[in-house]
2 protein chains.
Amino acid sequence: MNCLEKRIINDGVVKEGNVLKVDSFLNHQMDTDLFNEMGKEWKKRFEGKQITKILTIEASGIGIACIVAQHFQVPVVFAKKAKTINLDGDLYTAEVESFTHKTKNQIVVSKKFINENDRVLLIDDFLANGCALLGLIQIVEAAGATVEGIGIAIEKGFQQGGQIIRNSGYQLESLAIVESMDWETGTINLGENNR
Amino acid sequence: MNCLEKRIINDGVVKEGNVLKVDSFLNHQMDTDLFNEMGKEWKKRFEGKQITKILTIEASGIGIACIVAQHFQVPVVFAKKAKTINLDGDLYTAEVESFTHKTKNQIVVSKKFINENDRVLLIDDFLANGCALLGLIQIVEAAGATVEGIGIAIEKGFQQGGQIIRNSGYQLESLAIVESMDWETGTINLGENNR
């Protein structure tokens with residue numbers, strides 16, 4: 001088991017509705033030592049890839065992406081969830097639906113920050129139905145850039161996102177894959193993930 | 001001039017309406033080397049303070065806070081802008097108005113992650129009218145914790161936030177203070193900030 005998997009087993013909390021709460025270390029309170037371990041692991045798994053940029057999505061992907069970026073020595077860009085007055089009109093956009101919030105959001109990235117020479121590593125905290133990730137992929141492709149790889153902290157293996165993404169040919173590296181959860185017993189079953 | 005000030009002069013863009021765009025390095029694309037320099041500087045300025053936690057606010061504070069947390073060896077907590085189904089009911093809340101988005105938001109922090117023993121360093125990218133910061137202070141105080149210091153990347157010296165915060169007795173360390181801007185000439189005047 002890697003550090004993240006151990007942490008999920010120790011500190012993850014299962015809630016009704018297939019919700020896995022990891023807010024004590026991943027997406028509300030954040031443990032940057034853990035994020036550094038995750039960065040080392042992704043650096044190994046994406047060895048040989050010439051990553052030029054990390055792209056993530058606000059809000060909970062940002063902290064992980066910034067710490068991980070230190071291991072790849074590249075800038076981070078985060079997709080924003082709504083158009084703000086501080087963003088120029090020249091934007092890549094995609095529509096994503098949030099599993100957590102039950103809302104649809106337009107996500108946007110300024111055209112200044114991704115171009116056709118970029119080899120992008122996508123980073124996010126969760127992969128469930130894959131909507132957020134498909135939105136990020138759409139933005140990278142609209143820029144004519146390449147998705148070199150995708151690093152996810154926690155994949156919900158019982159939802160379809162991972163399969164959709166892998167079937168599309170992307171190198172998807174989820175550091176923990178939750179195969180099943182039971183909120184009544186608090187059990188979390190992690191899939192095989194031994195590389 | 002420190003690294004951030006140089007970067008603002010080189011890469012900051014002034015827009016009509018006193019908007020300073022620093023999205024190429026601070027709050028859309030993010031330069032983690034710069035954030036590390038900022039972390040070193042704040043570590044120096046808050047020397048002797050027993051910081052136990054960094055508190056910031058989504059979204060653009062998160063990346064800075066996570067990198068800076070490595071210099072203080074403490075966890076980061078970010079205040080969320082709306083109540084999500086993944087947050088327990090037991091929350092500290094405050095209402096803040098966004099200068100950028102022209103909206104009012106409820107910000108929330110789970111009571112699990114700040115307690116009366118915490119000595120909190122607040123970190124954010126911008127300080128203008130101070131609303132976001134006053135919301136964070138309100139949350140720390142509701143928890144019975146102590147605000148040990150406040151680290152801001154860019155303070156708009158011509159708005160009232162900095163004065164309000166300093167007059168309340170907090171140690172506010174803004175790494176760059178913009179005294180005035182002129183969008184027609186693109187001029188950015190930074191205040192004295194030589195420690």
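Throughout, read-outs are computed from the coordinates displayed, never taken from laboratory work. None of these values were measured; they are calculated from a predicted model. Here the Cβ is made from the backbone with ideal geometry for all residues, glycine too, and neighbour counts use every protein chain on show.
Name the shape class, rounded, prolate or oblate, that the alpha-carbon gyration tensor gives for segment B:1-63, where a ≥ b ≥ c are the square roots of its eigenvalues, rounded holds for a/c under 1.5, and otherwise prolate holds if a/b is larger than b/c and oblate otherwise. If you can, show how the numbers build up before the last one.
On the way: a/c = 2.23, a/b = 1.63, b/c = 1.37.
Because a/c hits 1.5 or more and a/b exceeds b/c, segment B:1-63 counts as prolate.
The simple Förster model, with R0 at 25 Å and r as the Cβ-Cβ distance, assigns B:Arg45 and B:Glu179 a FRET efficiency of 0.80.
Just subtract the alpha-carbon distance of A:Gln73 and A:Gln106 from 0.36 nm times their residue separation and send over the number in nm, one decimal.
Working: separation 33, 0.36 × 33 = 11.88 nm, distance 2.89 nm.
Extending this stretch completely gives an extra 9.0 nm.
Here the residues A:Thr187, A:Thr93, A:Thr32, B:Thr52, ranked from fewest to most Cβ neighbours within 10 Å of their Cβ, fall in the order A:Thr187, A:Thr93, B:Thr52, A:Thr32. For segment A:141-195, chymotrypsin sites (Phe, Trp or Tyr not before Pro) meeting the loop criterion (DSSP other than H, G, I, E, B) and having at most 15 other Cβ atoms within 10 Å: A:Phe158, A:Trp183. Going by neighbour counts of Cβ atoms within 10 Å, the residues A:Met1, B:Met181, A:Met38, A:Met30 line up, fewest first, as A:Met1, B:Met181, A:Met38, A:Met30. The dipole here belongs to segment B:1-159: it is taken about the Cα centre, uses +1 on the Cβ of Lys and Arg and -1 on the Cβ of Asp and Glu, and is about 60 debye.
Placing a label point 7 Å from Cα along the Cα-to-Cβ direction at B:Ile9 gives distances to the equivalent points in the other copies of 5.5 nm, listed shortest first.
Relative contact order for chain B: what percent, with Cα pairs under 8 Å and sequence separation of 6 or more?
Details: 381 pairs, mean separation 38.9, N = 195.
Over chain B, the number comes to 20 percent.
Counting every other Cβ atom within 10 Å of each residue's Cβ, B:Leu136, B:Leu91, A:Leu172 order from fewest to most as B:Leu91, A:Leu172, B:Leu136. Going through the cross-link list A:Lys21/A:Lys102; A:Lys102/B:Lys21; A:Lys43/B:Lys6; B:Lys49/B:Lys111; A:Lys112/B:Lys111, which pairs have a Cα-Cα distance over 28 Å in this structure? Checking Cα-Cα distances, A:Lys102/B:Lys21; A:Lys43/B:Lys6; A:Lys112/B:Lys111 exceed 28 Å. Exposed loop sites here are GluC sites (Glu not before Pro) assigned a DSSP state other than H, G, I, E or B and surrounded by at most 12 other beta carbons within 10 Å; excluding them, the longest clear run of chain A is A:48-115.
Considering only A:Ile164, A:Ile64, A:Ile139, the mean-square fluctuation computed in a Gaussian network model of chain A, springs between alpha carbons under 10 angstrom, is largest for A:Ile164.
Computed over the Cα atoms of segment B:1-135, pair by distinct pair, the Kirkwood hydrodynamic radius stands at 16.0 angstrom.
A label point on A:Gly144, set 7 Å along the Cα-to-Cβ line, lies at 6.1 nm from each of its counterparts in the other copies, closest listed first. For B:Ser168, the point set 7 Å out from Cα toward Cβ sits 4.4 nm from its twins in the other copies, listed from shortest up.
With a cap of 14 neighbouring Cβ atoms within 10 Å, and only residues DSSP puts in a loop, list the trypsin sites (Lys or Arg not before Pro) found in segment B:95-142. Numbers along the way, then the final one.
Numbers: sites: B:Lys102, B:Lys104, B:Lys111, B:Lys112, B:Arg119; in loops: B:Lys102.
In loop regions of segment B:95-142 (DSSP not H, G, I, E or B), the sparsely surrounded trypsin sites (Lys or Arg not before Pro) are B:Lys102.
Computed over all pairs of different Cα atoms, the Kirkwood value for the hydrodynamic radius of the protein assembly as shown is 21.3 Å.
Show that you can apply the helix-only estimate: for the protein assembly as shown, add -39,500 (n - 2.57) for every DSSP H stretch of four or more residues, divide by all residues, and state [θ] at 222 nm to the nearest 500. Kindly include the intermediate steps, with their values, before the conclusion.
Working: 10 runs with 110 residues, N = 390.
Here the helix-only value at 222 nm equals -8500 deg cm²/dmol.
A Gaussian network model of chain A, with springs between Cα atoms under 10 Å, assigns the largest mean-square fluctuation among A:Val14, A:Val68, A:Val77 to A:Val14. Bridges between two residues of chain B, per DSSP, are antiparallel at a rate of about 40%. Here the Gaussian network model covers chain A, with springs between Cα atoms less than 10 Å apart; of A:Gly17, A:Gly157, A:Gly149, A:Gly17 fluctuates the most.
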